[in-house]
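Written below as structure tokens is the structure these notes are about.
What follows is calculated from the coordinates using simple rules that are stated; it is not laboratory data. Note that the structure is a prediction, hence the values are computed from the model and not measured. Because the Cβ atoms are built from the backbone with ideal geometry, glycine has one as well, and the counts that use them run over all protein chains shown.
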Amino acid sequence: MEYFCYHRDRPDSVALREELLEEHWAYMDRYAKELIARGPTFADDGETPTGSVHIVDLPDPAAARAFAFDEPNYQAGAYRDVLLRRWRNVLGRTMWDRPGDSGDGNLYLVLGLGEGRAADLTPPPGQDELIVYGPLLSDDGGTWLGTAALLRAPDPDTARAVLTPDRYADIEVHDWEFGGRR
């Protein structure tokens, strides 16, 4: 089962995150085979971290909760909240498998929080710069709760356009970068 996990930073938690960086990476190293995508999100300045995205394939909701809440930054209080949802890997690949990375444009997390009937269950045509894409689901996988995508785009508005605007209570667009050890 695939899960989307987005840890959102507490304000002024940068120093704590920097202090725990090696612990965070060591923790994520334990999940290297299960990771589909990972990486930090940033404020509009492109430098201040605002959160951390991890998409991971784990056996069940209990394992996903353990992954999310045992994470060192979470345990130390660096995160203000956690969005954890089942997710379906519509593209069937990891961020390391993506084809056609042009290198042009910026990287974004687009997160649509659903409302009503399911939408955007398949990616729109002509989206060659999608890295990963899929619906956010309830724990049992039966209820659509939104859509999450990581993609390359020239600007936030173009990134936002990957989702159907009137089908979501809210669409968030965050600057994102590939995660992992540098």
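Numbers for the structure displayed
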quantity	calculated
Packing-based exposure ordering (other Cβ within 10 Å, fewest first) of Arg65, Arg182	Arg182, Arg65
Ellipticity estimate at 222 nm from DSSP helix runs (n ≥ 4, -39,500 (n - 2.57)) divided over the chain, nearest 500	-4500 deg cm²/dmol
Descending principal axes extents, the stretch 106-176, alpha-carbon based, whole Å	34, 21, 19
Calculated FRET value between Arg10 and Ala62, using beta carbons and R₀ = 35 Å, to 0.05	0.85
For Rg and Dmax of the Cα atoms in Å, calculated from these coordinates, the label among [x] 17.8, 59; [y] 15.4, 43; [z] 17.1, 54	[y]
For the stretch 2-87, the spread of Cα positions along each principal axis, largest first, Å	35, 24, 19
Net +/- balance of residues flanking Glu2 in space, Cβ distance below 15 Å, scoring K and R +1, D and E -1	+1
Cleavage-rule hits, trypsin sites (Lys or Arg not before Pro), the stretch 95-170, DSSP coil, Cβ neighbours within 10 Å at most 11	Arg117
Total formal charge among the other residues, if their Cβ is under 11 angstrom from that of Leu21, Lys/Arg +1 and Asp/Glu -1	-1
Label-to-label distance, nm, for residues given as Gln75 and Asp166 (7 Å Cα→Cβ offset)	4.9 nm
Order of Ser138, Ser52 - criterion: other Cβ atoms within 10 Å of each residue's Cβ, fewest first	Ser138, Ser52
